[in-house]
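Trainee: Have a look at this one.
Nothing in this text is a laboratory measurement; each read-out follows from the coordinates by a stated rule. All values derive from a computational prediction rather than experimental measurement. Cβ atoms come from the backbone with ideal geometry, glycine included; neighbour counts cover every protein chain shown.
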Amino acid sequence: MSIIELSDISKYYKVNKKKFKALDNVNLKIEKGESVAVLGKSGAGKSTLMHIIGLLDRYDEGSYKLNGEEVSKLGDSELSKLRNEEIGFVLQDFSLIDQKTVLMNVMLPLYFNKKYPANHMKEKALDILESLGIKDQADKKASQLSGGQRQRVSIARALITEPSVILADEPTGALDSDTADEIMHLLTELNEKKGITVVVVTHDKRIAEYCKRKIYIADGKCVTE
Ligand SMILES: Nc1ncnc2c1ncn2[C@@H]1O[C@H](COP(=O)(O)OP(=O)(O)O)[C@@H](O)[C@H]1O
Ligand SMILES: [Mg+2]
């Protein structure tokens, strides 16, 4: 069973009262433990696809099974629960709360996940920060860190719920190329050592080379290599 299975997925946006097809009959299977790069020009539909895979947005046609479960049947609260348990997001702009400490930012997803007892939260967050080489930054405010450090914090936050999938949308888009390489090394390591399925959206072919499989999107259509 594939961890992610999209069959004939289409998604429309309404623009000026007209329907615009942002995803056009996308078929895509991703197996557990794969690392996949999603390549395509700006406006191709990459983020739309990630939002659907990450259960942040609904689709209009087709079927999406996450771990064998048809997600269109789930209500909003079931979707949030599944998202919180299965998916870790890493975004281009890091999406950290600048005025909170690194530690608080990393612990945040656990407040929405009843699986973890409160007294273990801090210990767990510190362990993850240590494994990513930024434990010494735990008490700083997120705004005080460099771009590369901020992206590590956002990866730590993604990892804290032990997701089976990490979805990274242009994770290196705001970083210089050396720092971008460090972040891609880190994501590759999480994929290879922990078996986390990693899907990375990028428009940069060099970044895509870190992933074992490449998928191309153009005009909402998906071509797999
Ligand atoms: N919320 C929205 N409402 C209307 N159109 C949208 C919305 N989000 C994205 N689009 C359009 O859908 C297309 C795909 O967007 P997106 O998935 O963000 O592309 P990418 O991430 O590949 O740059 C673009 O033409 C974009 O303008
Ligand atoms: Mg995008």
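Trainee: Dipole size in debye (nearest 20) for the stretch 41-175 around its Cα centre, Lys and Arg Cβ +1, Asp and Glu Cβ -1?
Mentor: Using only the charged Cβ atoms, the result is roughly 340 debye.
Trainee: While we're on this one: Highest GNM mean-square fluctuation, the chain, Cα pairs closer than 10 Å: which of K100, K17, K46?
Mentor: K17
Trainee: I would also like to ask the following. Would you mind telling me the antiparallel percentage of the DSSP bridges in the stretch 4-224, rounded to 5?
Mentor: About 50 percent, rounded to the nearest 5.
Trainee: Sticking with this structure for a sec: Per the Debye formula with a single identical scatterer at each Cα and no solvent contribution, what log10 I(q)/I(0) holds for the stretch 113-193 at q = 0.19 Å⁻¹?
Mentor: For the stretch 113-193 at q = 0.19 Å⁻¹, log10 I(q)/I(0) is -0.88.
Trainee: Let me ask something additional. Taking the convex hull of the alpha carbon atoms in the stretch 4-224, what volume per residue do you get, in Å³?
Mentor: Taking only Cα atoms, the stretch 4-224 has a hull volume of 128 Å³ per residue.
Trainee: HN-Hα J couplings of the stretch 28-36 from phi, Karplus 6.51/-1.76/1.60, θ = phi - 60°, integer Hz, Gly and Pro as x?
Mentor: 7, 10, 10, 8, 4, x, 6, 10, 10
Trainee: Another one. Set the bar at 21 Å for Cα to Cα. Now go through K65/K193; K46/K193; K41/K73; K17/K73; K14/K221; K19/K221 and name every pair that lies beyond it.
Mentor: Violating the 21 Å Cα-Cα cut-off are K65/K193; K46/K193; K41/K73; K17/K73.
Trainee: Taking θ = phi - 60°, what integer Hz values does the Karplus form 6.51 cos²θ - 1.76 cosθ + 1.60 yield along the stretch 67-84, in sequence order, with x for Gly and Pro?
Mentor: Couplings: 6, x, 9, 5, 7, 5, 7, 8, x, 4, 6, 5, 5, 4, 5, 4, 4, 5 Hz.
Trainee: Specify the angular offset, from 0 to 90 degrees and rounded to the nearest 10, of the alpha carbon long axis of helix 177-194 from the longest principal axis of the alpha carbons in the chain.
Mentor: 90
Trainee: What ranking do 154-161, 64-71, 31-38, 103-110 get when scored by the average of other Cβ atoms within 10 Å per residue, highest first?
Mentor: 154-161, 103-110, 31-38, 64-71
Trainee: Which residues does a label at K19 reach in the stretch 37-78, if reach means a backbone N under 13 Å from a point 7 Å past the Cα toward the Cβ?
Mentor: 60-62
Trainee: Once each part is reduced to its C-alpha centroid, what is the distance from the stretch 181-225 to the stretch 9-52 in angstrom?
Mentor: 15
Trainee: S164: net charge of surrounding residues, Cβ under 13 Å, Lys/Arg +1, Asp/Glu -1, itself excluded?
Mentor: Net charge in that neighbourhood comes out at -3.
Trainee: If you don't mind, another one. How large is the dipole of the chain about the Cα centre if only Lys and Arg carry +1 and Asp and Glu carry -1, each at its Cβ, rounded to the nearest 20 debye?
Mentor: 580
Trainee: How tilted is helix 147-159 with respect to the longest principal axis of the chain? Cα atoms for both, answer in degrees (0 to 90, nearest 10).
Mentor: The helix 147-159 is inclined about 80 degrees to the chain.
Trainee: Given the options V36, N16, I196, identify the residue whose Cα lies farthest towards the positive end of the charge dipole of the stretch 4-224 (+1 on Cβ of Lys, Arg; -1 on Cβ of Asp, Glu).
Mentor: N16
Trainee: Sticking with this one: How big is the Kirkwood radius of the stretch 157-225, worked out from every pair of different alpha carbons and given in Å to one decimal?
Mentor: 12.9
Trainee: Any idea what the dipole of the stretch 68-123 comes to, in debye rounded to 20, about its Cα centre with Lys/Arg Cβ at +1 and Asp/Glu Cβ at -1?
Mentor: 260
Trainee: Next question. How much length, in nm to one decimal, is gained on full extension between D219 and S77, taken as 0.36 nm per residue of separation minus their Cα-Cα distance?
Mentor: Full extension from D219 to S77 adds 48.0 nm.
Trainee: Using helices alone, I'd like the mean residue ellipticity at 222 nm for the chain: each DSSP H run of four-plus residues gives -39500 (n - 2.57), total over residue count, nearest 500.
Mentor: Computed ellipticity for the chain at 222 nm equals -10000 deg cm²/dmol.
Trainee: Also, I was wondering about something else. So how do 196-203, 6-13 stack up, highest first, on mean other-Cβ count within 10 Å?
Mentor: 196-203, 6-13
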